[in-house]
Amino acid sequence: MKPILQISLDLPHIEAALEMAKVAVEAGVDWIEAGTPLLLGEGLHAVKRLREAFPDHPIVADLKTMDGGYLEAEMMARAGATHVVVMGVAHPATIRAVVKAARDFNIQVMGDIMASPDPVACAKMLEANGVDYIIVHTGYDERAEDPARTPYDHLHDIVKAVNIPVQAVGGLSIDQAADMPKHGAPLVVVGAPLVIDKKEFSPSANPEELKTILEELVARVKSSV
């Protein structure tokens, strides 16, 4: 697939998330993600508000589903999400339920391999059960305890092991994110707010500077293959 840039709105309040999304869309970002903090803080209303504000953009709901797969996927689809996230360590029945709901409601599924004891086997299992994308994810807490851990630990092996698009998430710098398509992960994600050289960039702080940073990232991602 052609490189795509996704903004992950990891903010607990919808108004701040909408500000960030507006700047990101103006900068050329392709997909909008309702991050887990946003879903926890605002629930389905966050997805509805994003859909109202950005009717033509794909919206990823980072549910991290572990159970009740069909219902969770259905609820997000009805709210306006185009993609939902299921965890690879969930029971295979849950993964299949999410996939079934996705087919019923014309959305797609992203399978997150975070915390899997065998990431490559997990990615293959997710693909075999019908997910559309694999997320190679090194978690926040995992990185906090062991800063040496990164998505690169498993990325190349997983890219070789599956035939569906791959995304890498977890502590990547702007430069690393921009290079992801060269590593076989064309679905690039950057978290918001952005932290670059220990400085936080958010719309309320400096929207024009943030927009410039994202425009440059969009250009690099699109020209990286």
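The values are calculated or read from the model by the stated rules, or taken from the named source; none is laboratory data. Everything quoted here is computed from the prediction, not taken from an experiment. Here Cβ is always computed from backbone atoms with ideal geometry, including for glycine, and neighbour counts include all displayed protein chains. To get the accessible areas, we keep the full protein, side chains included, count just its heavy atoms, and leave off ligands, DNA and RNA. Shrake-Rupley method; radii C 1.70, N 1.55, O 1.52, S 1.80 Å.
Side notes on the structure shown:
- Residue match in the range 123-143 (condition: of a type in the set (A, V, I, L, M, F, W, C), within 16 Å of Gly171 (Cβ to Cβ) and out of contact with any Asp or Glu (no Cβ under 9 Å at 6 or more places or on another chain)): no
- The listed residue being more than 26 Å from Pro3 (Cβ to Cβ), at pLDDT 95 or above, of a type in the set (A, V, I, L, M, F, W, C) and surrounded by 15 or more Cβ atoms within 10 Å (Cβ to Cβ), out of Ala93, Ala121, Ala97: Ala97
- Residue in the range 179-197 that is among the charged types (D, E, K, R) and within 20 Å of Gly111 (Cβ to Cβ) present: no
- Some residue of the range 16-25 being surrounded by fewer than 19 Cβ atoms within 10 Å (Cβ to Cβ) and in contact with a Gly (Cβ under 6 Å, 6 or more places away or on another chain): no
- Residue in the range 48-70 that is open to solvent by less than 20 Å² (accessible area, probe 1.4 Å), assigned to a loop (DSSP other than H, G, I, E, B) and within 16 Å of Ile135 (Cα to Cα) present: no
- Restricting the range 26-42 to residues that are free of Cβ contacts under 8 Å to residues at least 40 places away in the same chain and aliphatic (A, V, I, L, M), the residue that is most open to solvent (accessible area, probe 1.4 Å): Leu40
- Residues of the range 164-185 classified as under 12 Å from the mean Cα position of the chain (by Cα) and surrounded by fewer than 21 Cβ atoms within 10 Å (Cβ to Cβ), total: 1
- The test for being under 30 Å from Glu200 (Cβ atoms) and open to solvent by less than 50 Å² (accessible area, probe 1.4 Å) holds for Ser8.
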